[in-house]
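Just below is one structure, and these are the notes that go with it.
The values are calculated or read from the model by the stated rules, or taken from the named source; none is laboratory data. A quick note: this is a predicted structure, and the numbers were derived from the prediction, not measured. A quick note on method: Cβ atoms are made from the backbone with ideal geometry, for glycine too, and the neighbour counts reach across all protein chains shown.
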């Protein structure tokens, strides 16, 4: 790959930033994005502003390169070629189906890259594809829309279900919903249509319905789902002790689930008695699975279920390291589009970490390198890099193969100085002392308090 001297300087000084830009250039190729829009859009159409232009614009906002949509527009007004009003109109009208298809398209490209890097995470259940699913509502927006200005309640612009593949650490699917008050269960039909043979779905108790469990089994998939107390079931034997795992004692029993149409489904009910209570105070959790005994023991099922935190880590990265929620975008379609762009950015960041794993080892990268410092490096370097290196030099990534891309990523990963991105774990937090309430003193002088403490410590 022939690159200019300035390009090589950034390769040497900030290989992580070059990796991100190269992956974005490959994944967000205008031709691919505009073809995706044409086949997925149902009501929206292209007049002057291309879908690919909006995606690239929003990616800069979500990654923190520009602080707002308007700032990103001003930085590229000549290339965009339409008014800022047209840009907002386009963003406000992008259909959720198009946003979801964008995530799936880019996830497929990132999966191919990670597999060529041979950098997948250890399988939770070899021979099966594990999928962790959970949902969340997008934070309330500002009351900028005319219809919201006389309402004091917080307006919710939408919600979503996200599917994480823990072996790839990619968000492989998303199910956006414009109604922020809709039940997660209203999206189950869309989720069940994606179930494939030998999928193993991990979810919390909100997904524990007969419809969802039977739907997975009908699709020849399997489930590891925490039991909801309202789920009807019938035990065929009593609990029996299985063993101890991760500071918990595990029991199991056989049960039968009965659907409304008379179908029966054999499953296991696993009780995990914890030494320390969960955040909600519970010390026992019950997990349902239809995986055969010979495939996974109940001890292994209990361990796998506790890997649900990997999806919580994804949401944490989206919230803390990426701008997945822009509270000035009140229209549901715009809010969901922004969140999906953040998922795309997360997948690119995960692919960067996969490249680092392929060179420096999985254990080292997962234990020492958080996404926070990688994202900070990108934010600090990206704008200057894009000024120094003209767009035509990046277009070389449009047509390279995934094999060539993986080789280039490995080369960049070998140049990365990991000490700049290492995690700095702190010691255990000290207990908070009881604070004294000063009735007539809402404010105090820090200077005086420090001097007072200093004098007290120096008093014999």
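Of the candidates 257, 264, 210, the single residue that is surrounded by fewer than 19 Cβ atoms within 10 Å (Cβ to Cβ), touching a strand residue (DSSP E or B) at 6+ places or on another chain (Cβ under 8 Å) and under 24 Å from residue 130 (Cβ atoms) is 210. Annotation note: Cβ proximity below 9 Å between a residue of the range 335-360 that is not assigned by TED's automatic domain parsing to the domain that holds residue 416 and a residue that is surrounded by fewer than 24 Cβ atoms within 10 Å (Cβ to Cβ) and modelled with pLDDT of 95 or more (sequence gap 6+ or interchain) occurs for no pair.
Assessment of the range 298-310 against the conditions (surrounded by fewer than 16 Cβ atoms within 10 Å (Cβ to Cβ), assigned to a loop (DSSP other than H, G, I, E, B) and either without any contact (Cβ under 8 Å) to a residue 12 or more places away in the chain or in the same structural domain as residue 147 (by TED's automatic domain parsing) (or both)) yields no matching residue.
Do you know which of the residues in the range 218-241 that are in contact (Cβ under 8 Å) with a residue 40 or more places away in the chain and surrounded by 19 or more Cβ atoms within 10 Å (Cβ to Cβ) is nearest to residue 273 (Cα to Cα)? Looking at the filtered set, the residue picked out is 226. Given the criteria surrounded by 23 or more Cβ atoms within 10 Å (Cβ to Cβ), over 25 Å from residue 410 (Cβ atoms), assigned by TED's automatic domain parsing to the domain that holds residue 72 and in contact with a strand residue (DSSP E or B) (Cβ under 6 Å, 6 or more places away or on another chain), does residue 329 qualify? No. Residues that are within 25 Å of the chain's Cα centre (by Cα) and surrounded by fewer than 23 Cβ atoms within 10 Å (Cβ to Cβ) number at least 2 in the following helices (runs of 4 or more DSSP H) confined to the range 336-405: 362-368, 371-388.
Is it the case that residue 287 is touching a strand residue (DSSP E or B) at 6+ places or on another chain (Cβ under 8 Å), assigned to a strand (DSSP E or B) and crowded, with 21+ Cβ neighbours inside 10 Å? Yes.
Matching residues to (1) in the same structural domain as residue 341 (by TED's automatic domain parsing); (2) over 21 Å from residue 348 (Cα atoms); (3) modelled with pLDDT under 95:
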{"site": "137", "(1), (2), (3)": "no, yes, yes"}
{"site": "153", "(1), (2), (3)": "no, yes, yes"}
{"site": "174", "(1), (2), (3)": "no, no, no"}
{"site": "177", "(1), (2), (3)": "no, yes, no"}
{"site": "191", "(1), (2), (3)": "no, yes, no"}
{"site": "194", "(1), (2), (3)": "no, yes, no"}
{"site": "200", "(1), (2), (3)": "no, yes, no"}
{"site": "208", "(1), (2), (3)": "no, yes, no"}
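Taking every residue in the range 263-287 that is in contact (Cβ under 8 Å) with a residue 12 or more places away in the chain and pairing it with any residue that is loosely packed, with under 12 Cβ neighbours inside 10 Å and part of a strand (DSSP E or B), at least 6 positions away or on another chain, the pairs with Cβ-Cβ distances below 8 Å are 269/235. Among helices (runs of 4 or more DSSP H) entirely within the range 16-97, having at least 2 residues that are under 23 Å from the mean Cα position of the chain (by Cα) singles out 30-40, 51-62, 84-93.
Put simply, of 220, 278 the only residue that is under 20 Å from residue 304 (Cα atoms), modelled with pLDDT of 95 or more and in a loop (DSSP other than H, G, I, E, B) is 220.
Remark: pairs (first residue in the range 41-67, at positive phi; second residue part of a helix (DSSP H, G or I); Cβ separation under 7 Å; 6+ apart in sequence or on different chains) = 64/379.
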